Amino acid sequence: MTDSLGQQKPVNIKAQLQACRSKEETFKTLVTLSKTLPRLSTEEKTEQNKIKGCESAVWLIMEENDGRRHFKADSDAKLMRGVLVAILSLVEGKTQTDIQQMDLKAELAELNLSSYLTSSRTNGVLAILDKIKSGSEHRDNQHSPKQ
Amino acid sequence: MAFDPLLLRPLFPILAQSAYDHPLTYLDNAATTQKPLPVLDAIQEYYLSFNANVHRGAHFLSDRATNRFEQARDTVAKFINAPEQSHVIWTKGTTEAINVVAYGLEHILEKGDEILITSLEHHANLVPWQQLAFRTGARLRIVPLTSNGEWEPEFSHYFTDRTRIFAATQVSNAIGASTPLRTMINLAKQQGAFTLVDGAQAVAHYPVDVQALDCDFYVFSGHKMYGPTGIGVLYGKNHALEILMPYQTGGEMVRHVSYQATEFNVLPYRLEAGTPHIEGVIGLAAACDFLNAQDRLALLAWEQSLANHVYTRLLKAGGIEIYSPEKNTTLVSLSVPNIHILDLNAYLDSQGIAVRAGSHCAHPLMAQLGVAGTLRASFACYNTIEEADRFCDVLLDAIDLLNDE
């Protein structure tokens with residue numbers, strides 16, 4: 001079975017990022033990783049798939065197959081596509097229960113990506129993690145008035 | 001060049017550090033400037049030797065605090081050439097100052113009146129007027145830019161006999177362009193409109209003379225002119241401040257209170273409810289003193305020469321869209337086709353260079369320029385030509401790295 005990350009193995013991604021010794025190396029590695037992310041089609045880049053809270057546009061599609069979660073994602077910013085490769089390598093093919101038990105922030109920090117986890121408005125990684133954790137297709141509902 | 005920024009560097013110890021093993025290069029001055037030692041010392045001295053609430057107690061410390069606090073008002077009044085110190089109102093910053101005016105003038109507006117702003121406005125000088133228009137039934141109108149970022153040659157017809165308020169920035173935070181203020185203020189006055197100038201991006205660079213501008217209100221923030229955060233100024237002509245309904249009420253702004261009624265205090269206190277930001281006021285006065293001690297025109301010429309240097313180098317390099325004017329600006333705002341500004345920003349950051357990437361709180365302007373956002377390098381008096389060159393070098397490296405095969 002091929003996953004949405006093409007030939008990149010999660011363990012490889014982790015090793016590459018952990019080997020980075022500077023912010024510049026992390027930058028260059030993310031640029032390299034970004035090239036492995038299959039781009040979404042225009043039809044897939046819907047408002048509904050768009051994650052709010054990112055200054056760069058980010059789209060995330062989640063599907064469930066045989067009880068496992070599969071992800072497709074894209075962004076208009078290259079570095080964000082690299083970060084998406086790293087995030088998806090952590091959760092691709094896992095069950096929603098497994099994903100909910102993961103400490104995604106801690107795992108990204110282990111990959112030298114903590115500087116992408118601030119709540120600054122330039123960066124919507126937390127919003128992406130939120131959406132993955134919630135597992136919901138319609139995150140907007142969280143903000144609607146209680147019935 | 002007569003001016004040497006290296007002479008000022010020791011006053012800004014924060015700049016002497018490394019960022020990710022590179023020299024920190026701070027080019028985000030339009031967002032906030034760094035603070036010189038005299039400002040930090042003044043704040044410390046306030047807490048070390050005369051901290052007390054102002055205008056209240058009658059004791060040694062409160063007298064000292066009140067004196068220094070009111071001296072600061074005088075310093076700021078002189079800094080912008082306001083005729084009276086009571087025309088200087090303390091606010092949290094530019095945004096609050098504009099809100100004080102927008103709420104304060106609500107009672108003079110009628111349905112169908114017009115509030116006029118320009119295309120260059122920061123959201124702070126747009127949203128308060130838009131919301132005021134919603135509340136009153138007034139119409140928000142915009143003096144537009146043409147598609148190539150110039151002012152329409154004939155904009156006088158936007159000023160009509162229904163224009164009650166005209167609010168404009170002196171200098172655009174997003175692209176660094178200046179507004180033809182004299183002409184616009186004149187047109188507004190001919191229609192009897194109140195005029196407000198947003199000086200947030202101007203005060204650190206240009207000597208300001210509110211009497212020469214002849215605007216009714218002039219607003220700015222301390223933190224963009226080497227002063228502390230959380231303090232700003234609303235200057236107003238006497239009749240203009242008098243007509244404002246207080247936006248906030250409470251202590252300090254009153255003369256007498258009963259359960260039935262309240263008699264408000266005189267200006268400036270009438271518009272300053274609550275205990276003020278005393279350390280901010282003391283620090284802001286120190287920032288004015290710091291700027292007064294410099295040759296302001298030499299500083300301005302230096303900052304403009306840095307922006308012009310970057311403009312010229314990047315234009316020569318090619319492939320970069322520049323939205324700032326070539327001259328008479330202290331910042332360079334740009335984008336690169338097919339490369340996301342956040343990617344450029346991230347690489348610059350990895351090399352210790354601080355700039356701003358985004359829409360600069362000016363969504364309508366960005367839409368008009370046809371970009372989602374720009375990358376902005378903005379200069380202050382302590383920046384060097386080496387830093388300007390380093391920005392260009394690293395930006396060009398980033399473009400190479402990010403350009404697709």
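Rule-based calculations on the coordinates, nothing more; no lab input. Computed from a prediction, not measured in an experiment: that's the story for all the values here. Here the Cβ is made from the backbone with ideal geometry for all residues, glycine too, and neighbour counts use every protein chain on show.
One quarter of the surface of the convex hull around the alpha-carbon atoms of the stretch B:331-405 equals 5.2 nm², the direction-averaged projected area. Helix B:385-402 and the longest principal axis of the C-alpha atoms of chain B enclose an angle of approximately 60°. Which lysines have a Cα lying under 18 Å from the Cα of residue A:9, excluding residues fewer than 8 positions away in the same chain? Leaving aside lysines fewer than 8 places away in the same chain, those within reach of residue A:9 are A:35, A:72, A:94. For the protein assembly as shown, the alpha carbon convex hull comes to 198 Å³ per residue, rounded to a whole number. For chain B, the longest principal axis of the alpha carbon atoms and the long axis of helix B:37-49 meet at an angle near 30°. Each of B:347, B:20, B:235 was scored by other Cβ atoms within 10 Å of its Cβ. Arranged with the fewest first, they read B:20, B:347, B:235. Reachable aspartates and glutamates from residue A:52, Cα under 20 Å, same-chain residues fewer than 8 places away excluded? Here the aspartates and glutamates satisfying the reach criterion relative to residue A:52 are A:43, A:44, A:63, A:74, A:76, A:130, A:137, A:140, B:343. In terms of surrounding Cβ atoms within a 10 Å radius of their Cβ, B:14, A:99 rank from fewest to most as B:14, A:99. Loop-located chymotrypsin sites (Phe, Trp or Tyr not before Pro) in the stretch B:248-342 (DSSP state not H, G, I, E or B) with no more than 12 neighbouring Cβ atoms inside 10 Å: B:259.
Relative to the dominant Cα principal axis of chain B, helix B:60-79 is inclined by about 60°. Based on Cα contacts under 8 Å between residues 6+ apart, chain B shows a relative contact order of 22 percent. Once the Kirkwood radius over Cα pairs is known for the stretch A:37-79, the Stokes-Einstein relation at 20 °C and 1.002 mPa s delivers a diffusion coefficient of 193 µm²/s. Taken about its Cα centre, chain B carries a charge dipole of about 980 debye when Lys and Arg each add +1 at the Cβ and Asp and Glu each add -1 at the Cβ. Note on residue B:400 and residue B:64: the extension gain reaches 115.1 nm, defined as 0.36 nm multiplied by sequence separation minus the Cα-Cα distance. Within the shell of other residues whose beta carbon sits under 13 angstrom from the beta carbon of residue B:94, the net charge comes to -1, with Lys and Arg scored +1 and Asp and Glu -1.
Per residue, the convex hull spanned by the Cα atoms of the stretch B:276-405 amounts to 135 cubic angstrom. The longest part of chain B holding none of the exposed loop trypsin sites (Lys or Arg not before Pro), meaning those outside H, G, I, E and B in DSSP with at most 12 other Cβ atoms within 10 Å, is B:112-326.
Temperature 37 °C, viscosity 0.692 mPa s: under these conditions the Stokes-Einstein estimate for chain B, based on its Kirkwood radius over C-alpha pairs, is 147 µm² per second. For a test of understanding, tell me how many lysine pairs in chain B have Cα atoms under 19 Å apart, given they are 8 or more places apart or on different chains. Number of lysine pairs found: 7.
Among the GluC sites (Glu not before Pro) in the stretch B:296-348, which ones are in a DSSP loop with at most 15 other Cβ atoms within 10 Å of the Cβ? Mind listing them? Qualifying residues, ordered by number: B:326.
Once every Cα of the stretch A:10-136 carries one equal point scatterer and solvent is ignored, give the base-10 log of I(q)/I(0) from the Debye formula at q = 0.10, 0.11, 0.18, 0.19 Å⁻¹, two decimals. At q = 0.10, 0.11, 0.18, 0.19 Å⁻¹ the computed log10 ratios are -0.28, -0.34, -0.97, -1.09. Its Cα centre serving as origin, the stretch A:10-136 has a Cβ charge dipole (Lys and Arg +1, Asp and Glu -1) of approximately 320 debye. Exposure proxy shown here: for B:330, A:97, the number of other Cβ atoms within 10 Å sets the order, fewest to most, as A:97, B:330.
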